[in-house]
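First the structure, in the form of structure tokens, and then the observations on it.
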Amino acid sequence: MIHSLINNLPEGSRFRAALAVDHPAKSEDQPEADPRAEAIMDRMSWTLDRRLQAMEINAINLNTAVTGHWKDGPPDFPTIGPADWQGPPARSEPVYKDNFDLFRKMGWPSG
């Protein structure tokens, strides 16, 4: 019943309502949560305005880390956002040593 009421709320109110619902303490006889259901709830709770705000905060943190003069290196800012943003970025492009290496891989004769 409560789940259907939460689903009918406007998009910005779902997150607050989901947090406000009293959840019973987890006992040993309860099954583990389904990771797919948790991923769906995570995507539903991160609405567009929250994603944009998280992207803005992450960009400010990155600019602060890159442009600052740090004695012991930049601070480690946590990534804010949905769970799929938390992991290391997937690297689909190969890493090249220098520009000439890239030109050689592309087949340019001057590389």
| field | Test result for Ala54, surrounded by 15 or more Cβ atoms within 10 Å (Cβ to Cβ) and of a type in the set (A, V, I, L, M) | value | yes
| query | Are any residues in segment 46-77 acidic (Asp, Glu) and at pLDDT 85 or above, and if so, which ones? | reply | Glu56, Asp72, Asp76
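The values are calculated or read from the model by the stated rules, or taken from the named source; none is laboratory data. Quick caveat: nothing in here was measured; it's all calculated off a predicted structure. As a convention, Cβ positions derive from the backbone with ideal geometry for all residues, glycine included, and neighbour counts pool all protein chains shown.
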